[in-house]
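Here is the structure we will look at.
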Amino acid sequence: MVRRSREEIILSVLEGCSGMGANKTNLMYRSGLNYDSFLRYLNHLMQTGLISFSDGKYRLTRKGLQIMEKLQKYAEIKRNLEETRKLLSDV
């Protein structure tokens, strides 16, 4: 099993909150974390204003949407760099 970075975990939770939002159980399964770890991330994201809770759903805030988009770009760049490293290691 590959260890995920903090950024990858946060991105998975933020993506789960996008659109119509999600309940706590769905977010936890999406994040792939155990309950205690998931709650730490969830509380941190709420305290930093990236997600909000209303009508039984966790949803992205504007700030959360901006961070999610930046993390998606970061993930794409990271994937491209890893592919380049693989190609170079074959040389």
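The conditions are (1) surrounded by 13 or more Cβ atoms within 10 Å (Cβ to Cβ); (2) at pLDDT 95 or above, and Gln66 fails exactly one of them. Which is it?
Status for Gln66: all satisfied but (1).
Take the residues of the stretch 22-51 that are in contact with a Leu (Cβ under 8 Å, 6 or more places away or on another chain) and under 16 Å from Glu69 (Cα atoms): which is surrounded by the most Cβ atoms within 10 Å (Cβ to Cβ)?
That would be Ile51.
Of the residues that make up the stretch 1-8, is at least one touching a helix residue (DSSP H, G or I) at 6+ places or on another chain (Cβ under 7 Å), of a type in the set (S, T, N, Q) and at pLDDT below 95?
no
The values are calculated or read from the model by the stated rules, or taken from the named source; none is laboratory data. For clarity, every value in this text was computed on a predicted model and none was experimentally measured. Positions of Cβ are generated from backbone atoms using ideal geometry, with glycine treated the same way; all protein chains shown enter the neighbour counts.
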